[in-house]
DNA sequence: AAAAGCCCCTGGATGC
DNA sequence: TGCATCCAGGGGCTTT
């Protein structure tokens with residue numbers, strides 16, 4: 001579930017509270033996507049300076065080094081004063097002077113990785129090919145349109161790919177295309193300037209509204225304070241197969257694109 | 001280089 | 001109630 005809004009909401013919910021905290025100990029549970037290939041001594045005694053986000057990655061800036069965290073499909077973070085005993089799906093604990101940061105991830109597609117800086121081979125492998133930040137100042141219509149035109153696959157797939165624009169996952173790709181009135185199967189290379197403008201505006205609109213609403217809680221997402229999100233209540237097409245389109249009342253359709261579900265309205269998304 | 005498929009893993013919903 | 005099947009928010013890796 002964690003797409004850009006959920007990751008950003010998570011970041012906002014604990015970044016200030018953890019800033020300046022000293023790391024006291026670390027606990028690693030079951031293996032995540034990659035091993036944390038350093039010992040606790042590399043982290044203990046350091047301080048968490050800031051928490052940043054790049055795409056769907058969280059970057060915890062330490063005195064020396066960066067802890068990269070990814071929530072995968074089912075991950076969530078909690079940050080609390082007093083830590084309880086870890087549950088079956090709590091796979092990473094960072095015990096700090098200001099509270100316990102804990103990663104819960106049933107499916108374990110998430111990851112915690114330590115890198116010395118953002119230019120190490122591993123950091124570059126993970127972050128180096130990421131596209132523009134949709135809520136950042138570098139997200140310009142011209143560059144967006146140019147990036148899309150270079151791709152030959154369906155616009156939905158290109159949005160998901162993250163090489164043109166980051167953070168747009170399955171829910172928000174569906175919602176964004178609906179808002180822009182664009183057919184999900186349209187080849188990205190055929191996007192017109194007008195369509196790119198609509199998609200650009202829709203992306204910013206959908207993602208920023210989702211952040212404001214605390215993200216989408218479909219199953220069990222919550223921010224680091226345990227609070228749920230409410231964007232799912234405003235979804236126009238995602239998860240609404242067969243229900244009437246909120247704009248034209250035609251039944252919302254479902255199809256598969258790259259082994260993922262695409263929800264769309266055949267009437268509103270014609271171009 | 002880009003595109004398409006294949007996995008990683010677990011839990012919940014659905015169907016028989 | 002029990003068991004099998006399908007599906008789920010991501011994305012790196014391998015193969016075309």
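Yes/no matrix, rows are residues, columns are (1) farther than 18 Å from residue A:220 by Cβ; (2) more than 16 Å from DNA strand B (Cβ to nearest atom); (3) surrounded by fewer than 21 Cβ atoms within 10 Å (Cβ to Cβ):
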residue: A:15; (1), (2), (3): yes, yes, yes
residue: A:47; (1), (2), (3): yes, yes, yes
residue: A:52; (1), (2), (3): yes, yes, yes
residue: A:72; (1), (2), (3): no, no, yes
residue: A:80; (1), (2), (3): no, yes, yes
residue: A:91; (1), (2), (3): no, no, no
residue: A:98; (1), (2), (3): yes, yes, yes
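Restricting A:173, A:210 to those that are within 29 Å of residue A:14 (Cα to Cα), buried (at least 22 other Cβ atoms within 10 Å of the Cβ) and within 16 Å of DNA strand B (Cβ to nearest atom) reduces the list to A:173. Scanning the range A:38-46 for any residue that is part of a strand (DSSP E or B) and either away from DNA strand C (no atom under 16 Å from the Cβ) or on the phi > 0 side of the Ramachandran plot (or both) turns up nothing.
For every residue, the table says whether it meets (1) surrounded by 16 or more Cβ atoms within 10 Å (Cβ to Cβ); (2) closer than 30 Å to residue A:202 by Cα; (3) away from DNA strand B (no atom under 16 Å from the Cβ).
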| position | (1), (2), (3) |
| --- | --- |
| A:84 | no, no, yes |
| A:94 | yes, no, yes |
| A:103 | yes, no, no |
| A:108 | yes, no, no |
| A:137 | no, yes, yes |
| A:151 | yes, yes, no |
| A:158 | yes, yes, no |
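Whether any residue in the range A:188-196 is in contact with a strand residue (DSSP E or B) (Cβ under 7 Å, 6 or more places away or on another chain) and more than 16 Å from DNA strand B (Cβ to nearest atom) is what I want to check. Checked the range A:188-196: no residue is in contact with a strand residue (DSSP E or B) (Cβ under 7 Å, 6 or more places away or on another chain) and more than 16 Å from DNA strand B (Cβ to nearest atom).
Table: residues versus (1) touching a residue at least 40 places away in the same chain (Cβ under 8 Å); (2) over 17 Å from the mean Cα position of the chain (by Cα); (3) part of a helix (DSSP H, G or I).
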| residue | (1), (2), (3) |
| --- | --- |
| A:211 | yes, no, yes |
| A:214 | yes, no, no |
| A:221 | yes, no, no |
| A:225 | yes, yes, no |
| A:228 | no, no, no |
| A:236 | yes, yes, no |
| A:240 | no, yes, no |
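Candidates A:201, A:196: the one that is surrounded by 15 or more Cβ atoms within 10 Å (Cβ to Cβ) and at pLDDT 95 or above is A:196.
Quick one: would you say residue A:201 is in a helix (DSSP H, G or I), more than 16 Å from DNA strand B (Cβ to nearest atom), out of contact with any strand residue (DSSP E or B) (no Cβ under 6 Å at 6 or more places or on another chain) and over 27 Å from residue A:124 (Cα atoms)? So residue A:201 passes the test. Residue check: residue A:117 meets all listed conditions (1) within 16 Å of DNA strand B (Cβ to nearest atom); (2) surrounded by fewer than 17 Cβ atoms within 10 Å (Cβ to Cβ) but one, namely (1).
Looking at the range A:132-183, which of its residues are outside any loop (DSSP other than H, G, I, E, B), over 19 Å from the mean Cα position of the chain (by Cα) and within 16 Å of DNA strand C (Cβ to nearest atom)? Result: A:154, A:178. If you go through the range A:242-271 and keep only what is on the phi > 0 side of the Ramachandran plot and more than 25 Å from the chain's Cα centre (by Cα), you end up with A:242, A:249.
A count restricted to the range A:235-251 and to residues that are in contact with a helix residue (DSSP H, G or I) (Cβ under 9 Å, 6 or more places away or on another chain) and within 14 Å of DNA strand C (Cβ to nearest atom) stands at 4. When each of A:234, A:241 is tested for being surrounded by fewer than 18 Cβ atoms within 10 Å (Cβ to Cβ), within 21 Å of residue A:135 (Cα to Cα) and either in contact with a strand residue (DSSP E or B) (Cβ under 8 Å, 6 or more places away or on another chain) or not assigned by TED's automatic domain parsing to the domain that holds residue A:75 (or both), the lone residue that passes is A:234. Of the strands (runs of 3 or more DSSP E) that lie entirely inside the range A:47-125, those containing 2 or more residues that are within 16 Å of DNA strand C (Cβ to nearest atom) and outside the structural domain of residue A:220 (by TED's automatic domain parsing) span A:48-54, A:57-62, A:66-70, A:76-80, A:99-104, A:111-115.
The values are calculated or read from the model by the stated rules, or taken from the named source; none is laboratory data. Source: prediction; values computed, not measured. Here the Cβ is made from the backbone with ideal geometry for all residues, glycine too, and neighbour counts use every protein chain on show.
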